[in-house]
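Visitor: The structure under discussion is supplied below as structure tokens; questions concerning it will follow.
Coordinate-derived values only; no laboratory data. Treat the numbers as computed from the prediction; the structure is a model and nothing was measured. In this analysis, Cβ positions are derived from the backbone assuming ideal geometry, glycine residues included, and neighbour counts consider all displayed protein chains.
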Amino acid sequence: MDDRLAQLRDLSARWHRKCLLGLEELTAEEIGVLLDTADLFRQAFDAGERKFSLLSGKTCVNLFFENSTRTRTSFSLAARRLGADVVDFSASTSSLSKGETVIDTAKNLESMGIDAVVVRHQTPGTPHLLAQNLRCSVLNAGDGPHEHPTQGLLDILTIRRRLGRIAGLTVALVGDIAHSRTARSNIWGLKKLGAHVIVCGPSTLVSPLWQELGVEYSYSLDAILPRVDVLNLLRIQFERQASRPFPSVAEYVSLYAMDANRLKRTKEGILVLAPGPINRGVEVTADVADGSHSAILDQVTNGVAVRMAALWLVIGNAA
Ligand code: NCD
């Protein structure tokens, strides 16, 4: 335990940011510090240690304007496991419905004495706007289709822990690339750490322009299956689409659902990820989601460790 605390303090000395807004702006070194810190917390969980007093006396506010199960609970648990107090703010019952702006709401909350705001909002750039207007730390828990840095980090941590490395791996992000913040954060993080990334899905959701980010694109899952090490199966974000991107869910399933037959055509040690919520039978069948190649629930455990790392690094360094 003491050894782990010393390692955590060494890692924290290598971190200098007050906010975590996206993986695009981070260096490979900074992503490495976040992953190493999260890995220490994950090792602590496995050794039965869950409680740390690294952030006792600090207060975090969850400011969620979009629905969430995993991310919100995970951030709350992470803050509590570090000894911080947590306040959950619900947009639907707040004064936003009386016309208050997001910045005014956040400034009022800040005036009550808080150390970090964890924000999820449907508009890209909202966390960045708050970071410009607040003195406390701001963490992005998803801004529209733009970025979801802790999701990207937990996906990458899961790959690193399962396969032992990131550099040189081929990772396919499959599904609704156009509307996915998870895809964007994964691309930035994976590319910086030396992975080869393929974005794959219907032509209405995957554009050749993605090549400008240094990724390969494909409209055929069957064509890329034999050469990928990791499949990250993204949910179709129906709530963000102005029009239907494909004729029917059945057609999507026939071309892109990861099922037992497709699994037979992958590399032996294929790792199957999904950020959740999963739609069983759409992007992945139940037998694959619950099968031995799936790390879906391990991702959720790693998510708490990643959020502990993010909170500890940004708040600890803002003090
Ligand atoms: C993702 C999100 O909200 O962006 N989910 C999550 O955070 N666990 C992906 C999704 O909603 O499909």
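Visitor: Rounding to the nearest 10 and keeping the result within 0 to 90°, find how far the Cα-based axis of helix 70-81 lies from the longest principal axis of the chain.
Guide: Result, in degrees: 40.
Visitor: Would any residue of the stretch 105-148 have its amide N under 20 Å from a label point 7 Å out along Cα→Cβ of Ser90? List them or say none.
Guide: Zone members listed by number: 105-106, 109, 118-122.
Visitor: Quick check: Cα centre of the stretch 99-151 to Cα centre of the stretch 177-214, how many Å?
Guide: Cα centres, the stretch 99-151 to the stretch 177-214: 25 Å.
Visitor: Right, next: For helix 296-318, what angle does its Cα long axis make with the longest principal axis of the chain, in degrees from 0 to 90 and rounded to 10?
Guide: 30 degrees
Visitor: Could you pull out every one of the aspartates and glutamates with an alpha carbon less than 12 Å from that of Lys267, ignoring same-chain neighbours closer than 8 positions?
Guide: Asp229
Visitor: Work out, step by step, the length gained on full extension between Gln7 and Arg265: first 0.36 nm times the residue separation, then minus their alpha carbon distance; give nm to one decimal.
Guide: Working: separation 258, 0.36 × 258 = 92.88 nm, distance 4.17 nm.
Length difference between fully extended and current span is 88.7 nm.
Visitor: Against the longest alpha carbon principal axis of the chain, how many degrees, from 0 to 90 and to the nearest 10, is the axis of helix 102-111 turned?
Guide: 40 degrees
Visitor: While we're here: Please work out the Cα center distance from the stretch 254-319 to the stretch 1-48, rounded to the nearest Å.
Guide: 21 Å
Visitor: Now, a different point. Let me have the 222 nm mean residue ellipticity of the chain computed from DSSP H runs of 4+ only, each contributing -39500 (n - 2.57), with the sum over all residues rounded to the nearest 500.
Guide: Values: 12 runs with 130 residues, N = 319.
Calculated mean residue ellipticity at 222 nm is -12500 deg cm²/dmol.
Visitor: Additional query: Please give, to one decimal in nm, the separation of the simple spin-label points placed at Arg50 and Gln122, each 7 Å out from Cα toward the Cβ.
Guide: The two pseudo-label positions are separated by 3.5 nm.
Visitor: Can you pull the one-decimal nm distance between simple spin-label points at Thr301 and Ser68, each 7 Å off the Cα toward Cβ?
Guide: About 2.3 nm, to one decimal.
Visitor: Only Cα pairs under 8 Å and at least 6 apart count here; give the relative contact order of the stretch 149-299 as a rounded whole percent. List each step's numbers first, then the result.
Guide: Numbers: 272 pairs, mean separation 36.4, N = 151.
For the stretch 149-299, the relative contact order is 24 percent.
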